[in-house]
Structures are given as structure tokens and as C-alpha cells.
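Below is one structure, written out as C-alpha cells; the observations come after it.
Derivation of every value follows stated rules applied to the coordinates shown; laboratory data play no part. On a predicted model such as this, the values are computed, not experimentally measured, just so you know. As a convention, Cβ positions derive from the backbone with ideal geometry for all residues, glycine included, and neighbour counts pool all protein chains shown.
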Amino acid sequence: MNISLRYAKALFQIAQQQNKIDQYMEDLKAFKQVLVQDKSFYGFIIDPLADKERKQKAVSVLFDKLNSPKEIKNLVALLISRGRERIIVDCIDSYEQMYDDYRGLIKAEVHTAYDISQNEMDILKTRIKNLFHKEPVLTVRKDTSIIGGLQLKIGWTIYDGTIKTHLKEFTNSIKI
């Protein structure tokens, strides 16, 4: 088990005990959003040469503004004190994966050359639900490099039903 997963698991267990799984998820998402959007703040937090006390104070102020639970604040302070700032985002991602599993959700990215109709979206959701026995949460991205068809990414697996891939496979199959 990787180290970020251990920290996330501990936080998830605390959230379960306090019946605050959803609240913790929302607070972690808000914190991650700040890190992703404010590159200079994130750079300061993961800078190994920056003063740990200054980092902890900056994070504490941010968590106070976000009105986050002290357990999340304490986790990030612990990571900073142990020089593990670089795994903060990984911890949040691990918590999010546990949250999705707990709620019976599965995230899927759909890449297409065109806008998907609601009917196509419903069919795709039904197929994913039947295959994985979880409620799909779809993110649709329009990709102009795709000629037709779609590409579906679930976890680390990519299901490629694009015309480009089919043409490439056909070309390879007829080569002598």
C-alpha cells in the first residue's frame, strides 16, 4: 500500500466515525482546487527549501477560510512536518477513490469528436453500470483528433472504439 493511500485511509476512517464522509470530500476538493488553480501557492507548499512553519501557517489560514475540519488541517500539517508535501494531492485523490467506492460510483471519461446526445449518454451509462455494477459518473470531452466513434477511459483502462483505431487495426491485419 503506498504512503498516500495510508494517510487517506486513516482520514476516511475518521470521517466514517464522525459521519462526515461527504463533508470531508467537499473540503478536500476545495483545497485541491486551490492547489491546482494557484500554482505559486502549490509551488510554495511543495518546495522542500521553504520553511515548514510558514507552510503550515499558510495552510492553516487557508483551511480557516475554507472552514475545514481540524482533522484535514492536522493531516496536511502532519504531511508538511514529515516532509511529505508532495503527496498531498495523491492523498486527496486516494480519499476521492475511497469515497467513490463507498458511494458505489465509477468515474469514466468519454472522448468523442461530436456532442453526445442524451439518449447515447443514457445507453453508455447503462452499459457501464451493467459491466461494473456501479453508478457511472461521466465526463465528456470533445476531441477533434477523433474522426468518429468514441474512446472511454475508466481508471487505467482505455476502451478505444474510434474509427482511427479500427482503421489502424484493419491496415495491420491486411499487411503481408
Name the aspartates and glutamates eligible as straight-distance cross-link partners of Lys107: C-alpha to C-alpha under 18 Å, and not fewer than 8 places from it in the same chain.
Asp22, Glu26, Asp90, Asp93, Glu96, Glu120, Asp122, Glu135, Asp160
Could you tell me how far the Cα centroid of the stretch 26-102 sits from the Cα centroid of the stretch 117-159, in Å?
31 Å
Restricting attention to the stretch 128-163, which chymotrypsin sites (Phe, Trp or Tyr not before Pro) occupy a DSSP loop and are surrounded by at most 10 other Cβ atoms within 10 Å?
Trp156
Quick check on my link table: of Lys9/Lys39; Lys73/Lys134; Lys32/Lys65; Lys20/Lys52; Lys39/Lys65, which ones sit more than 25 Å apart, alpha carbon to alpha carbon?
Lys9/Lys39; Lys73/Lys134; Lys20/Lys52
Computed [θ] at 222 nm, deg cm²/dmol, the chain (DSSP H ≥ 4; -39,500 (n - 2.57); rounded to nearest 500):
-20000 deg cm²/dmol
Test of understanding: ordering Thr126, Thr162, Thr144 by Cβ neighbours within 10 Å, fewest first, what list do you get?
Thr144, Thr126, Thr162
Once Lys and Arg get +1 and Asp and Glu get -1 on their Cβ, which of Ser81, Gln16, Tyr114 lies farthest toward the positive end of the dipole of the stretch 1-146?
Ser81
per DSSP, antiparallel bridges as share of beta bridges in the stretch 88-163, % nearest 5, sits at 60 percent
For Glu169 and Lys29, compute 0.36 nm times the residue count separating them, minus their Cα-Cα distance, and round to one decimal in nm.
46.4 nm
Where Rh is the Kirkwood radius over Cα pairs, Rg/Rh for the chain:
1.09
Simple Cβ-charge dipole of the chain, Lys/Arg +1 and Asp/Glu -1, about Cα centre, in debye nearest 20
360 debye
Write down the percent of antiparallel bridges among all DSSP beta bridges whose residues are both part of the chain, to the nearest 5.
60 percent
Charge dipole (debye, nearest 20) of the stretch 3-101; +1 at Cβ of Lys and Arg, -1 at Cβ of Asp and Glu
400 debye
